[in-house]
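Let me begin by presenting the structure, written as structure tokens, before commenting on it.
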Amino acid sequence: MQPDFAGRVALVTGGTRGIGLAVAEQLAERGATVHVTGRDATREESRALGRRSGWTFHAVDYADPAAVGTFIDAVVATTPFDVLVNNAGINRVRPIAQTRLDDWRELQAVNLEAPLRLTMAVADGMQRRRYGRIVNISSIFGVVSKAHRALYSISKFGIRGLTIASALELAPHGVLVNAMAPGFVRTELTASILSEAEQEALARQVPMGRFAEAGEIARVICFLASEANSYITGQTIVADGGFTSG
């Protein structure tokens, strides 16, 4: 199945690499006009995205509430987005006794407040046009958890609440809202955090015996974000190679 996004306008946050970039590329390949956000406009990857035909890059620091407000007023409130993929996120791995409130505030601002504000910003237009697809990127740590992941899990469990509540409210208006919870994914970020040996050890805990590729996760997200999805809403779809079922 190849969903068609011809004529659709999509916003993918955190779209300069990893899962976000894979989603944006697949949306664009299938006809969407794509807006992506990233924190650093000076990175060559960001400049290159802005030069792609049909792509627009926006520099937004979701940890800065004022920057988010400026972006919403200047772009989101004036663009008829059909698709919103709330992908931008950060993580802090720290024992609960050593958790810092500054980490809590930053992580919640990026992982939970920004998706809420963007959902608020696109909801009215989607309701008026009686069409919209919102996909919130959660994590397996929004389904299960692990030591030292308190802040991250709080934010990702919160994403499930945002997904369900907004799905129930927007469903009568033709707007479907779902969450996608990836397991371990082979990305640049993963490689920067975990050594090859550590990745191999984690992969052995996955029933399928490997990490996902970003493109595999992106295909599920694109289905949820498409017209091909006509009846799934309020759900968290887990793609983890069986990890949370073990």
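Here are some notes:
- Options Ile217, Ile221, Ile193, Ile164: the member that is among the β-branched types (Val, Ile, Thr) and loosely packed, with under 15 Cβ neighbours inside 10 Å: Ile193
- Qualifying residue in the stretch 207-223 (condition: in contact (Cβ under 8 Å) with a residue 12 or more places away in the chain, part of a loop (DSSP other than H, G, I, E, B) and among the basic types (Lys, Arg)): yes
- Pairing each residue of the stretch 17-46 that is in contact (Cβ under 8 Å) with a residue 12 or more places away in the chain with any residue that is in a strand (DSSP E or B) and of a type in the set (S, T, N, Q), provided the two are 6+ apart or on different chains, yields C-beta distances under 6 Å for His35/Thr56.
- The residue that is nearest to Asp73 (Cα to Cα), counting only those in the stretch 104-143 that are surrounded by fewer than 19 Cβ atoms within 10 Å (Cβ to Cβ) and among the aromatic types (Phe, Trp, Tyr), is Tyr131.
- Screening the stretch 125-145 for residues that are touching a residue at least 40 places away in the same chain (Cβ under 8 Å) and assigned to a loop (DSSP other than H, G, I, E, B) and picking the one that is farthest from Val185 (Cα to Cα) gives Arg130.
- Leading residue by the ranking (surrounded by the fewest Cβ atoms within 10 Å (Cβ to Cβ)) among those in the stretch 224-246 that are outside any loop (DSSP other than H, G, I, E, B), of a type in the set (Val, Ile, Thr) and in contact (Cβ under 8 Å) with a residue 60 or more places away in the chain: Thr244
- Some residue of the stretch 53-66 being over 19 Å from the mean Cα position of the chain (by Cα) and at pLDDT 95 or above: yes
The values are calculated or read from the model by the stated rules, or taken from the named source; none is laboratory data. Since this is a predicted model, take the numbers as computed values, not measurements. Cβ sites come from the backbone with ideal geometry, for glycine too, and all protein chains shown count toward neighbours.
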